[in-house]
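Below: one structure, written as structure tokens.
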Amino acid sequence: MTGVPDLSKEPGREPGDDQIPPESIVAIPVRHYGRWVSAVAVCALLAWLAWSFVNSDIHWDVVGEYLTYDRITEGAAKTLWITVLSMAIGLVLGLLLAVMRLSDNAVLSNVAWGYIWFFRGTPVLVQLVLWYNLSFIFDTMNFGFYKDETNDIITPFVAALLGLGLNEAAYMAEIARAGILSVDPGQTEAAHALGMNGAKTTRRIVLPQAMRVIIPPSGNEFINMLKTSSLVSVVHYEELFWAADIVGSRNTRVMELFVVATVWYLLLTTVFSVGQYYLERHYAKGSGRTQPPTPLQRLRAQLTSFRTKSQVGGTTV
Amino acid sequence: MSGGREHPMVLAERVHKAFGPVEVLRGIDLKVEAGEVSCVVGPSGSGKSTFLRCINHLEKINAGRLWVDGGLVGYRQKGDRLYEMKEREVAEQRRDIGMVFQRFNLFPHMTAAENVMEAPVQVKGIGKAAARERAEQLLRRVGLADRMETYPAQLSGGQQQRVAIARALAMDPKLMLFDEPTSALDPELVGEVLDVMRGLAADGMTMIVVTHEMGFAREVGDSLVFMDDGVVVESGRPRDVLNDPQHARTRAFLSKVL
Ligand SMILES: Nc1ncnc2c1ncn2[C@@H]1O[C@H](COP(=O)(O)OP(=O)(O)OP(=O)(O)O)[C@@H](O)[C@H]1O
Ligand SMILES: [Mg+2]
């Protein structure tokens, strides 16, 4: 503050030593009439939809009753179980395939490529049926330490698990590869310079950072898997969809039981989405960005957006 | 430390390195004694980073010989045959050589303390508690004792680079390589990193520093190496090279940077 006096300020005043802050701004927020009109229109539409379902021929008391029917809850549990297990296979095998695909070893990388080519290139329904009918081509299986009739090894559960899990691995491999490639090569270099070997570098440095990129699409895969698992009825594994189908056709309440199944699927995906959200927060540590808003915060932000102008550069989605 | 040694800390003899058809290093000769601070300067693309990376075998050399502390880098010699080292042996060699990068390369998913502890715990198998104590010591030494639990993204560039130096020191290296450690920093942050390096030099650490900070080279360096186009054009005491360069290329370069 030397030389030419700054006329815009009082003499001797340093920036930032505002003793009396200026009065806070009180202004009428902009009214968003368009938002109100469209919101009302959409709500009306939804109400009409709900009204027509309530007054349809669906017996809602039956839906309520069968929601907790043994066979249905068992089916839901089996759906969850087969989904979790196939995703576990998919994730582990997928990471392995991704690492193989990116390795310098030409054999490993080509084998991984071939695996992905085959399992992505054929419908999962066909793969399920193939696994289930494996006994047509091999009537016994011999693993050296264990030998049995193919039909005794490939139960509906095993066929479902192999069909879904091995297929998923091909997709997870590509997701994992994208994640690994997203990590700055300088990270590997720094780890090597510290004397860490390749395996340690991958496990301690590269994969934890790749996880941030891997998790969101994997969550998508998981939810897809919850629904794709309804296909395993073709190998006679009694998961949620098939259970609903059987129960519905026995008591001739087919539509009611499909509504029951729908409710269960929605419940499972919702619970899972919340889990995914917390997993993402875990792997976001150190990312320096502000954490994404919790679902509740997001809802609140959306509600307030009706009343006030959306923030500039804010994270309202 | 240097009493009775018969070999220098780093010895390079006619080191060549090519990327495909492009010869980046074309016969580097260099000797760095234990305890010496050697500053390497030269125009962009002259091969300074490549040479530094060869010293800890991040790059394989194509011809010539390179020794660190008397041991051949990346190879074992039996008779007049060379055998490539296994990954484990290369990793073992690198433990004794610390490296500091232009872009810091801290592990972003770990706190400052975890960054420093990582290699001692994972590579040397030191207990967590002991490693943590040592990390605290080292972070104190670089002036960041109060930032143990901070993630790199929340540190300034200068602070990140000081954590990176502490991380390299945690392996108790006998040689430290610096690749333009202050080039990615805002001017007002350069000093704090150079201060740490000055301290290291005073403690007798052997250092090879690629830098554009001529003031640092003059004041701290025991020797100055001018590289251009893949060869060492001129080297000597920093004062001599800077005040009285012998080669036209050195003069041309210095006139641009001084
Ligand atoms: N991995 C690589 N593949 C191909 N060429 C490379 C590779 N690394 C470096 N080079 C080339 O080698 C030459 C020397 O690069 P180097 O990074 O060693 O230069 P430098 O002296 O460190 O330059 P700067 O001051 O810009 O950092 C450059 O022409 C560069 O393009
Ligand atoms: Mg460089």
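Considering only DSSP beta bridges where both residues belong to the protein assembly as shown, give the percentage that are antiparallel (nearest 5).
60 percent
On a 0 to 90 degree scale, rounded to 10, what angle separates helix A:156-181 from the longest Cα axis of chain A? In chain A, helix A:156-181 runs at an angle near 30 degrees to the longest axis. Taking every Cα-Cα distance in chain A and sorting them into 20 Å bins from zero, the calculated P(r) comes out as 21, 41, 27, 9, 2 percent. Within the range A:72-129, the proportion of Cα pairs with more than 13 Å between them is 70 percent.
Rg and Dmax, both from the Cα atoms of the range B:130-190 and both in Å, are 11.8, 36.
Angle of helix A:207-228 to the longest C-alpha principal axis of chain A, folded into 0 to 90 degrees and rounded to 10: 50°.
For the range B:101-229, the spread of Cα positions along the three principal axes, ordered from largest to smallest, is 44, 29, 27 Å. Normalising the Debye intensity of the protein assembly as shown to I(0), with uniform scatterers on Cα atoms only, and taking log10 at q = 0.06 Å⁻¹ returns -0.52. For the range A:19-100, the Kirkwood hydrodynamic radius comes to 19.5 Å, computed from all pairs of different C-alpha atoms.
If eta is 0.692 mPa s and T is 37 °C, what Stokes-Einstein diffusion coefficient results for the range A:167-238, Kirkwood Rh from Cα pairs, in µm²/s? Once the numbers are plugged in, D ends up at 234 µm²/s.
Rounded to the nearest 10 degrees, the angle from helix A:254-283 to the longest Cα principal axis of chain A is 50 degrees. In units of the rule-of-thumb radius 2.2 N^0.38 Å, the range B:163-227 shows an alpha carbon radius of gyration of 1.07.
Normalised size of chain B, defined as Cα radius of gyration per 2.2 N^0.38 Å with N residues, equals 1.01. Once backbone amide H atoms are built at 1.01 Å from N, residue B:231 has B:26 as its partners under 5 Å, excluding neighbours fewer than 5 places away on the same chain. Distance distribution note for the range A:78-222: the fraction of Cα pairs above 27 angstrom is 32%.
Straight-line cross-link reach from residue A:200 at under 14 Å between alpha-carbon atoms covers these aspartates and glutamates, not counting any fewer than eight positions away in the same chain: A:189, B:87, B:92, B:118.
Read-outs throughout are calculated quantities, based only on the coordinates presented, and are distinct from any laboratory measurement. Small disclaimer: the values here were computed from a predicted structure and weren't measured.
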